[in-house]
1. For residues in region 113-127 being without any contact (Cβ under 8 Å) to a residue 12 or more places away in the chain and open to solvent by less than 100 Å² (accessible area, probe 1.4 Å), which is nearest to residue 146 (Cα to Cα)?
2. Are any residues in region 70-93 open to solvent by 10 Å² or more (accessible area, probe 1.4 Å) and within 17 Å of the chain's Cα centre (by Cα), and if so, which ones?
3. Just to be sure I understand, how many residues within region 1-51 are buried (at least 17 other Cβ atoms within 10 Å of the Cβ) and at pLDDT below 95?
4. Determine, yes or no, whether residue 147 is under 25 Å from residue 128 (Cα atoms), open to solvent by 20 Å² or more (accessible area, probe 1.4 Å) and at pLDDT 95 or above.
5. Is there a residue being closer than 21 Å to residue 35 by Cβ and either open to solvent by less than 50 Å² (accessible area, probe 1.4 Å) or acidic (Asp, Glu) (or both) anywhere in region 171-179?
6. Does residue 84 satisfy being in contact with an Asp or Glu (Cβ under 6 Å, 6 or more places away or on another chain) and either of a type in the set (Val, Ile, Thr) or within 20 Å of residue 136 (Cα to Cα) (or both)?
7. Hey, can you tell me all the residues within region 124-137 that are of a type in the set (S, T, N, Q) and at pLDDT 95 or above?
8. Does residue 132 qualify as being in contact (Cβ under 8 Å) with a residue 40 or more places away in the chain and either surrounded by fewer than 21 Cβ atoms within 10 Å (Cβ to Cβ) or more than 18 Å from residue 188 (Cα to Cα) (or both)?
Amino acid sequence: SAMLQRAEESGVSQMVLPCVDSESWPLIQSLGEAYPQRLFPTIGLHPTYVKEDYEAQLSYLEQHLGEGIVAIGEIGLDYYWDTTFRSEQLKAFEKQLRWAHQLGLPVILHVREAFRDTFDLLRSLQLPGLRGVFHSFTGTEEELVEALSFEGFYVGINGVVTFKNSNLRDYITRIPLERLLIETDAPYLAPVPKRGRRNEPSYLPYTASYLADCYGIPEERLIEATTANARRLFALPQD
């Protein structure tokens with residue numbers, strides 16, 4: 001409740017809560033029920049949580065589709081930490097993309113060291129109307145251009161863009177303002193000057209301010225645009 005109060009005081013009134021596996025779902029669901037106009041759950045199996053039991057995980061999550069969720073996520077591919085379950089990640093990713101298509105819901109994509117397979121799968125499935133966000137984007141300029149070639153997909157930028165060792169600032173403005181989302185990835189990746197702390201939504205204005213400077217526009221304009229983008233993608237109510 002204290003974190004939500006700090007978020008409200010900083011101007012952040014609506015938050016999307018990504019799910020990662022069957023254990024996180026009940027927690028996220030209960031938060032959504034407790035704060036129905038402020039917290040909006042998603043459901044999905046995160047690629048780094050894809051293990052031997054991934055089919056059982058998917059079966060559990062599938063039973064809860066449609067229970068007030070605004071997206072399927074966080075789903076995708078992650079080859080950074082471990083590729084032991086690479087084929088299982090691909091199978092889980094495909095199944096969850098099909099869920100989103102069937103339900104008409106957007107997807108929150110986690111992609112790390114796996115853009116080629118992600119792009120290839122999205123193209124091969126040919127799911128008309130599929131939309132979503134490339135969350136926590138940290139790819140190359142070439143990968144950004146290719147991500148933007150998928151109509152209906154936004155690009156999510158968080159505190160990483162403020163880091164000294166990030167090259168994102170060099171090409172971030174290739175993202176059209178109408179396809180930009182800002183996010184936290186809490187509890188990780190707190191923006192400068194809060195880097196190293198436990199990230200939370202009240203820090204989002206630091207990312208917004210930095211991005212507004214990159215785009216050369218007033219902070220208010222960037223906030224208005226990204227808020228409208230988030231509401232459009234996730235069908236969030238006007239608060």
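The values are calculated or read from the model by the stated rules, or taken from the named source; none is laboratory data. Because the structure is predicted, anything quoted here is derived from the model rather than measured. Cβ placement follows ideal geometry from the backbone for every residue including glycine, while neighbour counts extend to all protein chains displayed. Heavy atoms of the whole protein, side chains included, go into the accessibility calculation; ligands, DNA and RNA do not. Shrake-Rupley method; radii C 1.70, N 1.55, O 1.52, S 1.80 Å.
1. Residues of region 113-127 that are without any contact (Cβ under 8 Å) to a residue 12 or more places away in the chain, as a first pass: 116, 120, 123-124, 126.
Then drop every residue that is not open to solvent by less than 100 Å² (accessible area, probe 1.4 Å), which leaves 120, 124.
Numbers: 120: 11, 124: 15 Å.
Result: 120.
2. 70, 74
3. So the count comes out to 0.
4. On the way: under 25 Å from residue 128 (Cα atoms): yes; open to solvent by 20 Å² or more (accessible area, probe 1.4 Å): no; at pLDDT 95 or above: yes.
Taking the combined requirement at face value, the residue does not satisfy it.
5. Scanning region 171-179, I find no residue that is closer than 21 Å to residue 35 by Cβ and either open to solvent by less than 50 Å² (accessible area, probe 1.4 Å) or acidic (Asp, Glu) (or both), so the answer is no.
6. Working: in contact with an Asp or Glu (Cβ under 6 Å, 6 or more places away or on another chain): no; either of a type in the set (Val, Ile, Thr) or within 20 Å of residue 136 (Cα to Cα) (or both): yes.
No; evaluated as a whole, the condition is false for this residue.
7. Selection gives 124, 136.
8. Taking the combined requirement at face value, the residue satisfies it.
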